[in-house]
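Contents: one structure, followed by commentary.
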Amino acid sequence: MAELAKRSDWRNTPLPVEHRHLSVDLAPFTAEEFARLTNGHVPQGADDDWFMFWEAPWFYIHRSANGFCIFQVRVEPDGEQYRVFETLVNRNPLQHAEESDDRDAILASVLLANQALRDTNRMWERYVAPRREPELAVGPGAAAFAKGGCGCLAGFVAIGLLVVLIGGNMHIDLGGAICLFIGGGILGLIVLTIYNKGRRDSGER
């Protein structure tokens, strides 16, 4: 039988006052899985990132490199099984850089399930999936303004290239480029207004 991991087996610091609750949704552990959980884990090498140990009713998860407590999970009996009733996460930015509760909930679930020898492939896929940056909502007016401005600038550049090719020269300063962009943007808005009016008129017929 494996020796149980103890707090004294690895350097560790307690969960800081800057912490918050997480919502971790895991299926209850069987008695066998719970026994694996309470065995804990002592790092076995430099690439072993976690130190974990059990002190009823809490399961402590620490970074092995610095000993910081990242998660503290309360697991208690629920009938013949064992359920996660509470999960705390480190929110000290000097100890744990992650700010997303959703990602931390997945990571905590992965570590617990892995310790219980459950399959964690789908959880890991969710965790390592690229984060999508929030998309800016751009209305049709803003889009038309931008397209008109960029179109005018592109047209000016094209004409400038032709002039240079036939031996002339052409110059525009920043102020002129801005004015050209704004003028093109206004033209784009006018075109959009005419287009929308035409659609409304055709719809009324």
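Okay, here's what the table says:
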read-out: Search result, residues across the stretch 36-60 that are charged (D, E, K, R) and either in contact (Cβ under 8 Å) with a residue 24 or more places away in the chain or not assigned by TED's automatic domain parsing to the domain that holds HIS21 (or both); value: ARG36, GLU55
read-out: Failed condition for ARG63, given (1) touching an Asp or Glu at 6+ places or on another chain (Cβ under 7 Å); (2) basic (Lys, Arg); (3) over 23 Å from ARG126 (Cα atoms); value: (3)
read-out: Residue identified as more than 30 Å from the chain's Cα centre (by Cα) and buried (at least 19 other Cβ atoms within 10 Å of the Cβ) among ALA5, ALA56; value: ALA5
read-out: The stretch 29-53, subset surrounded by 12 or more Cβ atoms within 10 Å (Cβ to Cβ) and of a type in the set (Gly, Ala, Ser), residue farthest from ASN114 (Cα to Cα); value: ALA35
read-out: Output for the stretch 71-80, where each listed residue is over 18 Å from ASN39 (Cβ atoms) and buried (at least 22 other Cβ atoms within 10 Å of the Cβ); value: none
read-out: Hits in the stretch 76-100 - residues which are over 20 Å from PRO14 (Cα atoms) and among the charged types (D, E, K, R); value: GLU76, ASP78, GLU80, ARG83
read-out: Qualifying positions in the stretch 1-16 - assigned to a loop (DSSP other than H, G, I, E, B) and either touching a helix residue (DSSP H, G or I) at 6+ places or on another chain (Cβ under 6 Å) or in contact (Cβ under 8 Å) with a residue 40 or more places away in the chain (or both); value: ALA2, LEU4, ALA5, LYS6, TRP10, ARG11, ASN12, THR13, PRO14, LEU15, PRO16
read-out: Failed item, numbered, when GLY67 is tested on (1) in contact with a Phe, Trp or Tyr (Cβ under 6 Å, 6 or more places away or on another chain); (2) at positive phi; (3) of a type outside the set (Asp, Glu); value: (1)
read-out: Any hit, the stretch 32-42, residues being out of contact with any Asp or Glu (no Cβ under 7 Å at 6 or more places or on another chain), at pLDDT 95 or above, outside any loop (DSSP other than H, G, I, E, B) and of a type in the set (Phe, Trp, Tyr); value: yes
read-out: Residue selected from the stretch 61-83 under the condition part of a strand (DSSP E or B), under 24 Å from the mean Cα position of the chain (by Cα) and touching a residue at least 40 places away in the same chain (Cβ under 8 Å), by the criterion farthest from LEU117 (Cα to Cα); value: CYS69
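This table checks each residue for (1) outside the structural domain of ARG20 (by TED's automatic domain parsing); (2) acidic (Asp, Glu); (3) in contact with a Lys or Arg (Cβ under 7 Å, 6 or more places away or on another chain).
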| site | (1), (2), (3) |
| --- | --- |
| GLY79 | no, no, no |
| GLU86 | no, yes, yes |
| ASP102 | no, yes, no |
| ALA105 | no, no, no |
| ALA108 | no, no, no |
| LEU111 | no, no, no |
| ALA116 | no, no, yes |
| ARG122 | no, no, no |
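The values are calculated or read from the model by the stated rules, or taken from the named source; none is laboratory data. Everything quoted here is computed from the prediction, not taken from an experiment. Note that we place each Cβ from the backbone using ideal geometry, even for glycine, and neighbour counts take in every protein chain shown.
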